[in-house]
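Step one of this worksheet: look at the structure below.
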Amino acid sequence: MARSRSSSTVWRYINPAYYLKRPKRLALLFIVFVFATFFFWDRQTLLRDHEEEISKLNKEVIHLRNLLEELKNGGDMSVEKKKYSGEGGQAVKNMDSPDNILDAQRREKVKDAMLHAWSSYEKYAWGHDELQPQTKNGVDSFGGLGATLIDSLDTLYIMGLDEQFQRARKWVANSLDFNKNYDASVFETTIRVVGGLLSTYDLSGDKLFLDKAQDIADRLLPAWNTKSGIPYNIINLAHGNPHNPGWTGGDSILADSGTEQLEFIALSQRTGDRKYQQKVENVILELNRTFPDDGLLPIYINPHKGTTSYSAITFGAMGDSFYEYLLKVWIQGNRTAAVSHYRKMWETSMKGLVSLVRRTTPSSFAYLGEKMGSSINDKMDELACFAPGMLALGSSGYSPDEAQKFLSLAEELAWTCYNFYQSTPTKLAGENYFFNDGQDMSVGTSWNILRPETVESLFYLWRLTGNKTYQEWGWNIFQAFEKNSRVESGYVGLKDVNTGVKDNMMQSFFLAETLKYLYLLFSPSSVIPLDEWVFNTEAHPIKIVTRNDRAVSSGSSGGSQESDRQLRTRKEGRFRVHH
């Protein structure tokens, strides 16, 4: 009974009728309910706010940990945030997203590679042109101008490796001497030394580098003292005696004669002395006088007459960067009327490039053949793998339909160049490739000397399309370099990409270009933005300066004027040779 009475009492307090007969108790119950509801809601709100704050704090901890790691490794994030971001640090706001975390991790791996290469150079070859990692000694491949050091200045600066940069600056200030009895390549000295010093000046604002750039440029200028204005390609730095290499039959080389415009125009802009610009622009005006309808020039030019000699037409060695600079001078001048003839010449040359495109069987890889007379040679240099990036960069100056056509071609060629790497046992590309029916591609010259061209094109395609596939390809190439080329004292090339046998040279452009383009491939677009900088053919970024001057005249028309167009920026055509 007791239990029955207890149950009945409980039911009485639950029954609504009990409260309806007692209004005061109903009001009290309502008040209790309201307070309980508010209390519960307040607790839940506080809990949610607390969880959000904890989440934000966790993100800040991760972000600060990343920044701390960056500072330990040379301050990379501060460089990106303070020196290159026009968005007040926008580049690092989304560092906690999965894609950006992966990019940051890969960027750090590339920076580690740069530190390994640089510290090895510092230890075993300081002040020399290049390091021989296997024998741990330096060699002077370029007359003892410290080519690797100067080539690396802007890479160190961009990566935020300040201590290393300051040691290099001290060497430039106290030890760099151009008064050498050495027959220097005008081309190599311009793209590596003049370009490296000018780029470092543009990045740092330190006039030391501008003064040094002017010093070496003055020593190169007599090379342009020919009847046609087409320069000799070799000059003695101490005595100023120019000449051409004997193996060209006295001719000048197309790429070597048409790949100084960016550097010398920039030097005139920064010093106010137009003599540098006039010398190099006269070359383009001279070539434009008899520019062919397909825009394709043979690689040998008579420096006295300004006429071309019977020789190969190629976007590979000795031709490449001439075409690159036609586009890039237009970009450098901010696409104004003063540089419109460069764009017109470049577009003409791209019609010629399209005429050299062939496709393999069975896989239909697109490639650029080489032309001799009326015949096409089914061979393509890895050097020509700069072309996909160039086409992507220049595509935005066309109408939408034409732009898509050239961008699609750029992507096709990039796929071929990537497969130059993937088709070998080491996953590193040979120097050149041949194409035979039913065989797609086969390595010709089988060495790899750490070249940057394919990575460069991947960088441009990634920047201009946002397609992450190009980052993945670049990462695969980087891993192949790490596996096959990294040794105890730096990086070496391969004598044979099929066997993996190593050579004994760390080329200066590996630090200037290959590692820089890989680093930028995994960096925010605000790091060296392509609407503010243009890369020379050695990957040295030079600030874009609007040109409103009149084109330099040499008694001939500077080319028809075009409407200004839109654009961004692209890569190089590079290194030479070899006979």
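The values are calculated or read from the model by the stated rules, or taken from the named source; none is laboratory data. In this text the structure is predicted, and so the values were computed from the model without any measurement. Here the Cβ positions follow ideal geometry from the backbone for every residue, glycine too, while neighbour counts run over all protein chains shown. In case anyone asks, the SASA skips ligands and DNA or RNA and just uses the protein heavy atoms, side chains included. Shrake-Rupley method; radii C 1.70, N 1.55, O 1.52, S 1.80 Å.
Observations on the structure shown:
- The calculated FRET efficiency for Val139 paired with Thr361, based on their beta-carbon distance and R0 = 41 Å, is about 0.40.
- Amide H to amide H, with H built 1.01 Å from N, Asn334 comes under 5 Å of Val545, Arg547, counting only residues 5 or more places away or on other chains.
- Model label sites at Thr465 and His243, defined 7 Å from Cα along the beta-carbon direction, differ in position by 4.8 nm.
- The trypsin sites (Lys or Arg not before Pro) of segment 214-312 meeting both criteria, a DSSP state outside H, G, I, E and B (loop) and at most 16 other C-beta atoms within 10 angstrom of the site's C-beta, are Lys227, Arg274, Lys305.
- Listed residue pairs exceeding 29 Å between alpha carbons, taken from Lys328/Lys502; Lys328/Lys405; Lys136/Lys180; Lys468/Lys495: Lys328/Lys502; Lys468/Lys495
- Surface accessible to a 1.4 Å probe, Leu262 within the full protein complex, Å²: 0
- Length added when fully stretched, Asn377-Glu488, from 0.36 nm per residue minus Cα-Cα: 35.9 nm
- Hz values of 3J(HN,Hα) by residue in segment 427-439 - Karplus curve (6.51, -1.76, 1.60), Gly and Pro given as x: 6, 10, 7, x, 6, 8, 9, 10, 10, 10, 3, x, 10
- Cut-off under 5 Å, modelled amide H: who pairs with Asn236 long-range: Ala184, Asn241
- Computed with a 1.4 Å probe over protein heavy atoms only, the accessible area of Glu286 comes to about 20 Å².
- Accessible solvent surface per residue of segment 162-218, calculated while the other protein chains remain in place, 1.4 angstrom probe, Å²: 38
- Per-residue Karplus couplings for segment 372-377, computed as 6.51 cos²θ - 1.76 cosθ + 1.60 with θ equal to phi - 60°, are listed in order as 9, x, 9, 9, 10, 9 Hz, Gly and Pro entered as x.
- Solvent-accessible ranking of Trp126, Trp171, largest area first, probe 1.4 Å: Trp126, Trp171
- Measuring r between the beta carbons of Arg167 and Thr271 and using R0 = 45 Å, the FRET efficiency lands at 0.95.
- Alpha-carbon centroid distance for the pair segment 365-396 / segment 459-520, whole angstrom: 21
- Distance-filtered residues of segment 347-361 - backbone nitrogen under 14 Å, label point 7 angstrom along Asn436 Cα→Cβ: 361
- Database remark: amide H of Val501 closer than 5 angstrom to the amide H of Lys495, Asp496 (H placed geometrically; neighbours at sequence offset of 5 or more, or on other chains; Pro and chain starts carry no H).
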